[in-house]
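For reference, the structure is listed below as structure tokens.
None of the figures in this text is laboratory data; all of them are computed from the coordinates on show. Here the structure is a predicted model, which means the values were calculated and not measured. Cβ coordinates were reconstructed from backbone atoms using ideal geometry, including for glycine residues, and neighbour counts include every protein chain displayed.
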Amino acid sequence: MKLYCAKIILLLMFFGCQRSQEEKAQELIKEFIVENANDPESYEPIEILNIKSSTGLNAVGDKEKQFEVLHKYRINNGFGAKILNSDVFIIDSSFTKVLYFESLIENIERKKKAP
């Protein structure tokens, strides 16, 4: 009985400690912004609006699975004014890095032009 309870506790700890896709995406996006923003200290995440699986091309032109993450946040622009952004961050299939990002408007326009 003790062994059975110990196994259940270990399983709950293992599966209970797994981070969700949203948590992984939030962490990757924050790291990306800190590395690339003019004023990373001003970054204020608001919400992850959508995580959608898609297929994109990798560096050698092969199709690969990736995730499109729509993220809404505030950050200071180059003039120090706080602005609201809604950007689409493209994340690799294993949630280990941000491949690139584009504004929501650019993302919509690119998809309209796609065949």
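For the range 32-47, putting each phi into the Karplus relation 6.51 cos²θ - 1.76 cosθ + 1.60 with θ = phi - 60° gives couplings of 4, 5, 4, 6, 10, 7, 5, 9, x, 5, 8, 4, 10, x, 9, 6 Hz, in residue order, rounded to whole numbers and with x for Gly and Pro. Potential lengthening of the chain between residue 92 and residue 30 amounts to 20.8 nm, from the contour at 0.36 nm per residue minus the alpha-carbon distance. Taking a Cβ cut-off of under 13 Å around residue 82, the surrounding Lys, Arg, Asp and Glu residues balance to a net charge of -2, with basic ones at +1 and acidic ones at -1.
Can you list which of the trypsin sites (Lys or Arg not before Pro) found in the range 25-115 are DSSP loop residues with at most 16 other C-beta atoms within 10 Å? Passing sites in the range 25-115 are 97.
Inter-label distance, residue 47 to residue 77: 2.4 nm, where each label sits 7 Å from its Cα along the C-beta direction.
Residues whose amide H comes within less than 5 Å of that of residue 99, counting only those at least five positions distant or on another chain, are 90, 91, 92 (H built at 1.01 Å from N in the peptide plane).
Here the Karplus relation 6.51 cos²θ - 1.76 cosθ + 1.60, evaluated at θ = phi - 60°, turns the backbone of the range 94-107 into coupling constants of 9, 6, 10, 7, 7, 7, 6, 9, 8, 5, 4, 5, 4, 4 Hz, with x for every Gly and Pro. Extending 7 Å from the Cα toward the beta-carbon at both residue 112 and residue 18 defines two label points whose distance is 4.0 nm.
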